[in-house]
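Structure first, commentary second.
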C-alpha cells in the first residue's frame, strides 16, 4: 500500500508519512508487471522521497519515469511526442497542481493527469475531474490502483497521439493536391458523378477522370468510400461543416 495521511504536506508529520510511502513502494515493486512499451510517466512532487519511490515503481513496471520538484521545472522540459501521463500532487511550491493542470489542458492535450494527494478534499477532487483529470487518488492508495490509473492514462495518451498523427498525415497528403484537384475532390465526396462534375466546373469528363485519379493517388485512397472518410476527418479536424 502507498500510505498517505490526510495532512498538509508542509507539516513535519506529513513528511514522515511520505517517507513511509517511499519505503512501502520500495518493498512492493518486485511484483509489478512489466509491459513491453516504454512511454513516459512524469511525476511532479516537491518531496524527494516520494519522487524516488515513484521513480522506482514506474521504472520497475517498464515505463520511463521523469521526476520534477516543481511545476515550473516540468513546464521547462521540452515536450516529447510519445505516450505519456502526469502524476501530480496538488500542493506544490509556486504554481499549484490545479494551476499546472490548467496549463497542461491547453498546451499538452495528449497528456492525461492523475492527481495523488494526502489531503485532497471533495471540492478539489470535483474541480480536478471536471478539468479533465483521469483520476484523483487520495492516500492511502495501493500500488495496483495507481498503476491501473497510469495504464489507463497512457492508453488514452496513445490514442490521442495516434489520432493527431493520422490527421497530420492526411493534411500532408491534402497539401499535395492542386487547387483544381481539390475542387474535383469536393464534388466527388459530395456524391456527384463525373459528368455532373464536368458540367459544374466547365471541363470535360476525361479531365475530371484525370483529376479524380490524381486525387485518389495523392490521398492514397483505395476507394470512394475511403476518400469520403478522409475528407470527413479533415473537415472535423479543421472545424469545417461542409
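Quick note: the coordinates plus some simple rules give every number you see, no bench work behind them. As the structure is a prediction and not an experimental result, all values here were calculated from the model. Methodologically, a virtual Cβ is constructed for each residue, glycine included, from the backbone with ideal geometry; neighbour enumeration extends over all protein chains shown.
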Label-point separation (nm) for residue 106 and residue 77, each offset 7 Å from Cα along Cα-to-Cβ?
2.1 nm
Linear extension gain, residue 224 paired with residue 178, 0.36 nm per residue minus alpha-carbon span
14.7 nm
When 70, 157, 178 are arranged by how many other beta-carbons sit within 10 Å of their Cβ, fewest first, they go 178, 70, 157
Taking 234, 54 and counting other beta carbon atoms within 10 angstrom, the fewest-first order is 234, 54
Principal axes first, then extents: for the Cα atoms of the range 32-100, list largest minus smallest coordinate on each axis, whole Å, largest first.
36, 27, 16
Can you work out the FRET efficiency for the pair residue 210 and residue 234, with r the C-beta to C-beta distance and R0 = 22 Å, to the nearest 0.05?
0.45
Convex hull volume per residue in cubic angstrom - Cα atoms of the range 176-238:
80 Å³
Ranked from fewest to most other Cβ atoms within 10 Å of their own Cβ, 211, 163 fall in the order 163, 211
